[in-house]
Structures are given as structure tokens and as C-alpha cells.
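**Student:** Sending over a structure as C-alpha cells; questions will come in a sec.
The numbers here are math on the coordinates, done by the rules we state, and not lab data. None of these values were measured; they are calculated from a predicted model. As a convention, Cβ positions derive from the backbone with ideal geometry for all residues, glycine included, and neighbour counts pool all protein chains shown.
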Amino acid sequence: MKKHIIEYIKNSKQKGEKLIAVLLDPDKISIDELLSNIIAINKTKVNFIFVGGSTVANGLTEPFVRQIKKLSSIPVILFPGDHSQLTEEADAVLFLSLLSGRNPEFLIEQQIKSVDFLKGTSLEIIPTGYLLIEGGIETSVQKVSKTTPISQSNPEEILNTSIAAEYLGKQIIYLEAGSGATKPVNPKIIRSVSNNIDIPIIVGGGIRTKQQLESAFDNGADLVVIGTAFENNSEIFNTIV
Ligand code: 1GP
């Protein structure tokens with residue numbers, strides 16, 4: 001099994017180098033709109049392009065990723081809402097388990113459904129502990145997964161879920177406030193998780209400003225994901241990175 005991308009993220013963490021991913025949702029950006037978006041991304045210091053969404057129409061992800069790969073050499077990592085969003089055109093997949101929720105469909109069923117496809121591919125599979133944290137609005141992850149996010153006023157639950165994920169062998173933790181969150185994950189929460197686990201931490205959801213980005217990094221985020229802010233302004237990385 002390939003491990004290039006997770007090794008790169010771990011090495012960056014060790015060196016204290018912070019990473020940024022832009023999230024492109026095939027349901028929100030058309031293939032025709034990709035050209036201008038990727039031209040903008042190629043001019044920035046973005047390390048990864050994440051592709052995915054809570055609900056992406058069947059068959060849309062593959063041509064979407066193929067088009068990105070034609071336009072950019074930045075590695076593409078799938079961030080799938082379900083197993084139908086898998087494609088070998090990408091470099092890696094976050095193999096998510098929604099550990100904050102108690103819906104077996106997203107804890108293990110979708111993962112089993114993906115095996116027949118994944119075992120025949122060379123996609124790098126990154127075992128990811130995915131925690132949905134209350135972000136001020138009802139986000140699509142919450143609606144689609146039919147799970148309750150962990151409240152930000154319950155940092156202990158977030159911490160213990162993250163530690164359990166590491167014990168389970170997850171290679172990375174994703175602290176997710178949800179796309180379009182009005183309240184990103186509190187830096188104190190990021191700090192407490194980062195002080196207590198060794199694996200890298202991804203933080204996403206509602207990050208729109210330089211100050212929020214820096215604060216996430218300063219408190220232990222290794223990789224920050226930005227989606228909505230880029231959709232609203234494709235020049236965002238020039239101002240906040
Ligand atoms: C969502 O973490 C990502 O899964 C990005 O969220 O769209 O709010 O940047 P935003």
C-alpha cells in the first residue's frame with residue numbers, strides 16, 4: 001500500500017511545516033469552472049486539493065478529478081461523503097470513519113461498501129478519524145450523516161474521541177466544524193487534542209481569515225482545509241496565506 005502522502009504530512013509535522021488544502025466540491029463547482037479555479041490555486045502555496053462533498057451526484061467526481069489532474073500537479077486527495085465518490089484518478093483518499101457520531105452507516109458500512117472498488121486501485125488510503133464538531137449552524141455533514149456533532153463546550157469528549165482514534169490506529173485526525181460553519185473549531189480544542197496525540201491533525205470548517213488560519217496553526221493544526229472562503233473569493237489564498 002502506498003504511503004507517500006501520509007508520510008509527507010507526518011514529515012511536515014515533524015519539521016513544523018504547516019500545510020493547506022483547498023476543498024473543491026463537484027456539486028458546487030462545475031467542470032467548466034475548474035479552469036479558472038485551478039489557475040488561481042496553481043499560483044498559491046496550497047499543498048493539496050481535496051475533492052468531495054456530503055452529496056455529490058453519481059459519476060461526477062471522476063471527470064472532475066481528471067480535469068484537475070490535467071490542469072495541476074498539486075496532489076488530489078478524495079474527501080468522500082460516501083463510497084460513490086471514489087475514483088482512481090486521485091492520488092489518495094481520506095478513509096473516513098465518523099467517530100463523533102453513532103450512525104453505523106458512516107462508522108463502518110460505507111467503508112465496507114468501498115472495499116470492492118478500493119482493492120483494485122492504487123489509491124493511497126489514509127485511515128482518518130473524522131470528528132464533527134458543532135460549528136454554529138446545522139451543516140450538511142450533520143444532515144447527511146444524521147449524527148449529532150460534539151459540542152464545543154464538551155472538549156473532553158472531543159479529546160477522548162481523538163485519543164481513541166489514535167488507539168484504533170487512525171493515521172490522522174480531522175477536526176471538522178462543517179462546511180460553512182459560523183464557528184470554526186476553537187483553538188483551545190485544537191491545542192488540547194494536539195497536546196495529547198502524536199498523529200497529525202487536520203482542521204476545517206468556517207476558516208475565512210488570516211487570523212483564524214494562524215490561530216489554528218499556532219495551536220497545533222498541521223493541515224487546514226479551506227472551502228467556502230475560496231468559493232466566495234478565489235484570491236483568498238493571496239491575502240490569508
Ligand atoms: C468542510 O472542512 C471543510 O469539510 C471546509 O469547510 O467550506 O467552511 O471552508 P469550509
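**Student:** Just checking, which of 137, 74, 126, 41 is within 22 Å of residue 22 (Cα to Cα), within 13 Å of the chain's Cα centre (by Cα) and either within 16 Å of the ligand (Cβ to nearest atom) or without any contact (Cβ under 8 Å) to a residue 40 or more places away in the chain (or both)?
**Tutor:** Details: 137 fails: within 13 Å of the chain's Cα centre (by Cα); 74 fails: within 13 Å of the chain's Cα centre (by Cα); 41 fails: within 13 Å of the chain's Cα centre (by Cα).
Within the list 137, 74, 126, 41, the selection yields 126.
**Student:** Out of curiosity, is residue 117 in a helix (DSSP H, G or I), within 27 Å of residue 68 (Cβ to Cβ) and either touching an Asp or Glu at 6+ places or on another chain (Cβ under 9 Å) or touching a residue at least 12 places away in the same chain (Cβ under 8 Å) (or both)? Steps first, answer last, please.
**Tutor:** On the way: in a helix (DSSP H, G or I): yes; within 27 Å of residue 68 (Cβ to Cβ): yes; either touching an Asp or Glu at 6+ places or on another chain (Cβ under 9 Å) or touching a residue at least 12 places away in the same chain (Cβ under 8 Å) (or both): yes.
Judged against the criteria, residue 117 is a match.
**Student:** State whether the residues of the range 165-174 include one that is among the polar types (S, T, N, Q) and over 25 Å from residue 93 (Cβ atoms). Let's see the steps before the verdict.
**Tutor:** Residues of the range 165-174 that are among the polar types (S, T, N, Q), as a first pass: 171.
If we keep only those that are over 25 Å from residue 93 (Cβ atoms) as well, we get none.
No, the range 165-174 contains no residue that is among the polar types (S, T, N, Q) and over 25 Å from residue 93 (Cβ atoms).
**Student:** Is it the case, given these coordinates, that residue 103 is among the polar types (S, T, N, Q), over 24 Å from residue 33 (Cβ atoms) and without any contact (Cβ under 8 Å) to a residue 12 or more places away in the chain? Reasoning before the result, please.
**Tutor:** Details: among the polar types (S, T, N, Q): yes; over 24 Å from residue 33 (Cβ atoms): yes; without any contact (Cβ under 8 Å) to a residue 12 or more places away in the chain: no.
For residue 103, the condition - among the polar types (S, T, N, Q), over 24 Å from residue 33 (Cβ atoms) and without any contact (Cβ under 8 Å) to a residue 12 or more places away in the chain - is not met.
**Student:** In the list 190, 172, which residue meets the criterion of being within 15 Å of the ligand (Cβ to nearest atom) and under 17 Å from residue 50 (Cβ atoms)?
**Tutor:** 172
**Student:** Select, from 215, 194, 234, the only residue that is hydroxyl-bearing (Ser, Thr, Tyr), assigned to a loop (DSSP other than H, G, I, E, B) and surrounded by fewer than 23 Cβ atoms within 10 Å (Cβ to Cβ). Talk me through it step by step, then tell me what you get.
**Tutor:** Details: 215 fails: assigned to a loop (DSSP other than H, G, I, E, B); 194 fails: assigned to a loop (DSSP other than H, G, I, E, B).
So the residue among 215, 194, 234 that is hydroxyl-bearing (Ser, Thr, Tyr), assigned to a loop (DSSP other than H, G, I, E, B) and surrounded by fewer than 23 Cβ atoms within 10 Å (Cβ to Cβ) is 234.
**Student:** Any chance you could count how many residues in the range 218-231 are within 11 Å of the ligand (Cβ to nearest atom), of a type outside the set (A, V, I, L, M, F, W, C) and either outside any loop (DSSP other than H, G, I, E, B) or surrounded by fewer than 23 Cβ atoms within 10 Å (Cβ to Cβ) (or both)?
**Tutor:** Of the residues in the range 218-231, 2 are within 11 Å of the ligand (Cβ to nearest atom), of a type outside the set (A, V, I, L, M, F, W, C) and either outside any loop (DSSP other than H, G, I, E, B) or surrounded by fewer than 23 Cβ atoms within 10 Å (Cβ to Cβ) (or both).
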